[in-house]
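Undergrad: Here you go, one structure.
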Amino acid sequence: MTLSQKLYKLIAGVGRYFMGTLSEVVSSTGKIILFFNESVRLIFAKPSRFAEIIRHMEFIGNQSIGIICLTGGFTGLALSLQLYLGFKLFNAVNMVGPTVALGITRELGPVLTGLIVAARAGGAMAARLGTMRVNEQIDALDVMGVNTKQYLVSPRLVAAFICMPLLVAVFDFVAMLGSWFLCVKMVGLDEAVFWQKIADFIEIRHINEGLLKGMVFGIYFALMCTYRGFNTTGGAKGVGEATNQGVVQSMVGIIILDYFATNMIRLFYSLVGIT
């Protein structure tokens, strides 16, 4: 085989792999969109699944508060310490507070909350639905006349949509407490100046940006994890793979979505004349 033939074979193989991967991604995206559309439509269908929504809100929201507070507190401490050490070099330590507040409320709060809840609650969603699928419990519900998407998927989407901005708010609050503790109690910055600088730079829209992102991230990770769990195949091994796929795709997607959401918000502000 000549060098040109080997090169042609290599290029052809790469092309086939690329086209196969692209086709699979497009197909999966279409199925996920249809799954999401039907699940959202069924939120408003009868019978009402209000009790299921409350139960999943308790699981996603209430049971996540502990880890959110722990992570938020140490995020505020670590970020404040690094900024203090940096700003101290050019005598701008009073800007630590507003810089931490902006970073937490607009970016780190929603992103870290999304990653943590996707790993904790999203993984559990995928595993539970996957186990129900391989044990034929979902098929049994279908035979009984229960709309399985309305019963198993829609309440989880609603619960994640409601709980995520609340968890983001808790994360922001605890992170700022951590920042206050380090700046005021540990390194001795003036407390009045610390809070005044934050008030001067932080606006309600900055907090709302993070809460809006939290809603988007909640819907996204709940969708990905329920989709993977609901369509699990292959027994116990399939449950593990579905859980892994749901969590990984949720976490990677949250980081990607954050970038595009930030740019869309900046574009909107520029269109309406907000700096």
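Undergrad: When the range 80-102 is examined, which residues are found to be surrounded by fewer than 17 Cβ atoms within 10 Å (Cβ to Cβ) and not aliphatic (A, V, I, L, M)?
TA: 82, 86, 87, 88, 90, 91, 94
Undergrad: Given the criteria at pLDDT below 90 and of a type outside the set (Gly, Ala, Ser), does residue 62 qualify?
TA: Values: at pLDDT below 90: no; of a type outside the set (Gly, Ala, Ser): yes.
It is false that residue 62 is at pLDDT below 90 and of a type outside the set (Gly, Ala, Ser).
Undergrad: State all residues of the range 221-265 that are touching a Lys or Arg at 6+ places or on another chain (Cβ under 9 Å) and not in a helix (DSSP H, G or I); if no residue qualifies, say none.
TA: Result: 231, 232, 233.
Undergrad: How many residues are of a type in the set (Gly, Ala, Ser) and modelled with pLDDT of 90 or more if we restrict to the range 184-202?
TA: Let us first name the residues in the range 184-202 that are of a type in the set (Gly, Ala, Ser), namely 188, 192, 199.
If we keep only those that are modelled with pLDDT of 90 or more as well, we get 192, 199.
Within the range 184-202, residues that are of a type in the set (Gly, Ala, Ser) and modelled with pLDDT of 90 or more number 2.
Undergrad: I'm told residue 180 meets every condition in (1) at pLDDT 90 or above; (2) aromatic (Phe, Trp, Tyr); (3) under 30 Å from residue 157 (Cβ atoms) except one. Can you identify the failing condition by its number?
TA: (3)
Undergrad: Would it be correct to say that residue 201 is aromatic (Phe, Trp, Tyr), crowded, with 24+ Cβ neighbours inside 10 Å and closer than 21 Å to residue 106 by Cα?
TA: Spelling it out, it is not the case that residue 201 is aromatic (Phe, Trp, Tyr), crowded, with 24+ Cβ neighbours inside 10 Å and closer than 21 Å to residue 106 by Cα.
The values are calculated or read from the model by the stated rules, or taken from the named source; none is laboratory data. The shown structure was predicted, so the numbers you read here are calculated from the model rather than taken from an experiment. So basically every Cβ, Gly included, is an ideal-geometry build from the backbone, and we count neighbours across all protein chains shown.
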